[in-house]
Amino acid sequence: MTQPPDFPQTAEATAPPLALHRDANFRRFWFGEAISQFGIEVGVLALPVIAVTLLDATESQVGYLNAAAFAAFLFVGLPAGAWVDRWNKRSTMIRANALRFAATLAVPALWFAGVLAMWQLYVLAALIGIGRVFFDVCYQSYIPFLVRPSQVSDANSKLESTAQIARMGGPALGGLLLKFISAPVLMIIDAVGYLASILALRGVNDDEQPHDRAQQTRLVADIREGLAFVAQHRIIRAITMCTGISNFFGTMLMTLVSIYVLRLLDFSPAVLGFIVGAGAVGGLLGAVSARHIGEYVGEGRTIPLAALLIAPAMALVPTASYLPERWMQIGLLVVSEALFGFGVIVYNVIQVSMRQRACPKRLLGRMNASIRFFVWGVMPLGALAGGWLGEAIGVVATLWIAVAGQALAALPVIASPLRSMREFPDPPAD
């Protein structure tokens, strides 16, 4: 099957493409997102620390906060995909980050005004979540417009590597800064990350063409087409089921981690930041090795193998509460985060690259939004379940339920053609 050219067939276009690290346009995008990710990760602990330590939130309230942060994927995720396919993706990412920038700065403003309350955190977390929906759907749909098809996996690996470096150092630095500044002030650094992304995106060029408004169909029909593509593609359907189950139970655990570490184990925010940062060490190793693992093991087979690693990694979190020494608890939590990060990132780099290659360009936004609707839409439900169960039966018992559920997540991809597939099929014609 032939693939229509993505670039005009001039002498320049038919020449071998530049390596991505030498492509000034990609470097600009890469550098801007690296700065953005680092700023965001430095401030990633701010909201849960504000809720747990400054506003004395209960398990249920922390669940509501996490649910608010992810609710947008459930309520606007599907139409967002159809809109993104109609809109210019770079401009949409700029507007989405402008919303996140304003909502993030509102938290320290309300705190220093002496009026910050939990209900305000819910509202601001929801606004940040709306911005995240549009940015993330555009981000995953944008790479094929920024680089050539043969460079998509390499671009994803490079972007994910820098994201993991940010996740490795950002939370640890954020936890350290919390010894000297308050959590609301840390939110300002978070906001600077969104500003960096806006400035970088304004200087990036891509090959996305203006959309013909005369050819746009109805919103419901566009959404239906995206859902149908995901439902009918056997491999993408299996990946969606696996990721959805994993995210539901992973969010149950994630919701209670701040209470588990800060209250039950009685560690400081700096230790929490160190533990979260350690997860990014494994994620970085996963990002830089994912493409090589895929080539050695097989791209398809890598996905179920990575999925199988996640549940054992999560099981180490509640296990830490049974250890007698605090250094043992920290060590086990660090190992847990590192293994978890490695498995998740290898899984994500390979499966996202497969989805981008398997989907026609005109459906990329709707395909990604349809998947995000399911795999991120379950996250507010997981957050609510974690908060309610944590308050009803205890934090540790709820963590074990999350681990048991996570073990089921790999079944859809194990039962799919991926388990015996070395290379992904050729992409369809657009």
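The values are calculated or read from the model by the stated rules, or taken from the named source; none is laboratory data. All values derive from a computational prediction rather than experimental measurement. Quick reminder, even Gly has a Cβ in these numbers, built from the backbone with ideal geometry, and neighbours come from all protein chains shown. The area values use the complete protein model at the heavy-atom level, side chains included, leaving out ligands, DNA and RNA. Shrake-Rupley method; radii C 1.70, N 1.55, O 1.52, S 1.80 Å.
On the basis of being open to solvent by 40 Å² or more (accessible area, probe 1.4 Å), more than 25 Å from residue 51 (Cβ to Cβ) and in a helix (DSSP H, G or I), does residue 122 make the cut? In short, no.
Just so you know, in the range 392-415 the residues that are surrounded by 17 or more Cβ atoms within 10 Å (Cβ to Cβ) and of a type outside the set (A, V, I, L, M, F, W, C) include one that is farthest from residue 313 (Cα to Cα), and it is 412. Within the range 215-243, the residues that satisfy the criterion of being open to solvent by 90 Å² or more (accessible area, probe 1.4 Å), in a helix (DSSP H, G or I) and modelled with pLDDT under 80 are 215, 220, 224, 232.
Residue 408: more than 30 Å from residue 89 (Cβ to Cβ) and in contact with a helix residue (DSSP H, G or I) (Cβ under 7 Å, 6 or more places away or on another chain), yes or no? Yes. Within the range 288-310, the set of residues being more than 21 Å from residue 165 (Cα to Cα) and polar (S, T, N, Q) comprises 302 only.
When the range 279-320 is filtered for residues that are open to solvent by 40 Å² or more (accessible area, probe 1.4 Å) and of a type in the set (Ser, Thr, Tyr), the ones remaining, listed by number, are 296, 319.
Against the conditions (1) under 23 Å from residue 379 (Cα atoms); (2) under 18 Å from the mean Cα position of the chain (by Cα); (3) modelled with pLDDT under 85, residue 83 satisfies every one except (2). Checking 388, 400 one by one, the residue that is more than 15 Å from the chain's Cα centre (by Cα) and farther than 21 Å from residue 64 by Cβ is 400 and no other. Does residue 293 count as in a helix (DSSP H, G or I) and over 17 Å from the mean Cα position of the chain (by Cα)? When the stated conditions are applied, residue 293 passes them. Given the conditions (1) open to solvent by less than 30 Å² (accessible area, probe 1.4 Å); (2) at pLDDT 85 or above, report the number of the one that residue 174 does not fulfil. Every listed condition holds for residue 174 apart from (2). Residue-level check: of (1) crowded, with 21+ Cβ neighbours inside 10 Å; (2) within 28 Å of residue 380 (Cβ to Cβ), residue 139 misses just (1).
Determine whether the range 356-371 contains at least one residue that is modelled with pLDDT of 75 or more and among the basic types (Lys, Arg). Checking the range 356-371: not a single residue is modelled with pLDDT of 75 or more and among the basic types (Lys, Arg). Answer yes if at least one residue in the range 416-423 is open to solvent by less than 60 Å² (accessible area, probe 1.4 Å) and within 25 Å of residue 277 (Cβ to Cβ), and no otherwise. No, there is no match, as no residue in the range 416-423 is open to solvent by less than 60 Å² (accessible area, probe 1.4 Å) and within 25 Å of residue 277 (Cβ to Cβ). When residue 301 is tested against the conditions (1) charged (D, E, K, R); (2) farther than 28 Å from residue 357 by Cα; (3) assigned to a helix (DSSP H, G or I), the lone failure is (2). Only one residue in 158, 179 is in contact with a helix residue (DSSP H, G or I) (Cβ under 8 Å, 6 or more places away or on another chain) and open to solvent by 50 Å² or more (accessible area, probe 1.4 Å), so which one is that? Checking each option against the conditions leaves just 179.
Listed here are the residues, each with its yes/no results for (1) among the hydrophobic types (A, V, I, L, M, F, W, C); (2) more than 24 Å from residue 276 (Cβ to Cβ).
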position: 133; (1), (2): yes, no
position: 137; (1), (2): yes, yes
position: 145; (1), (2): yes, yes
position: 152; (1), (2): yes, yes
position: 156; (1), (2): no, no
position: 166; (1), (2): yes, no
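The single condition among (1) under 20 Å from residue 347 (Cβ atoms); (2) not in a helix (DSSP H, G or I) that residue 287 does not satisfy is (2). Per the listing 69, 57, the residue uniquely part of a loop (DSSP other than H, G, I, E, B) and of a type in the set (A, V, I, L, M) is 57.
Yes/no per residue for (1) under 28 Å from residue 183 (Cβ atoms); (2) under 21 Å from the mean Cα position of the chain (by Cα); (3) modelled with pLDDT of 90 or more:
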{"position": "97", "(1), (2), (3)": "yes, yes, yes"}
{"position": "103", "(1), (2), (3)": "yes, yes, yes"}
{"position": "110", "(1), (2), (3)": "yes, no, yes"}
{"position": "124", "(1), (2), (3)": "yes, yes, yes"}
{"position": "132", "(1), (2), (3)": "yes, yes, no"}
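Whenever a residue of the range 172-194 is farther than 14 Å from residue 50 by Cα, its partners that are open to solvent by 10 Å² or more (accessible area, probe 1.4 Å) and modelled with pLDDT of 85 or more, lying with C-beta atoms within less than 6 angstrom and at least six residues away or across chains, give the pairs 191/101; 191/105; 194/100; 194/101.
The single residue among 296, 260, 322 that is closer than 26 Å to residue 391 by Cβ and free of Cβ contacts under 8 Å to residues at least 12 places away in the same chain turns out to be 322.
The residues of the range 96-121 that are out of contact with any helix residue (DSSP H, G or I) (no Cβ under 8 Å at 6 or more places or on another chain) and not small (Gly, Ala, Ser), listed by number, are 115, 119.
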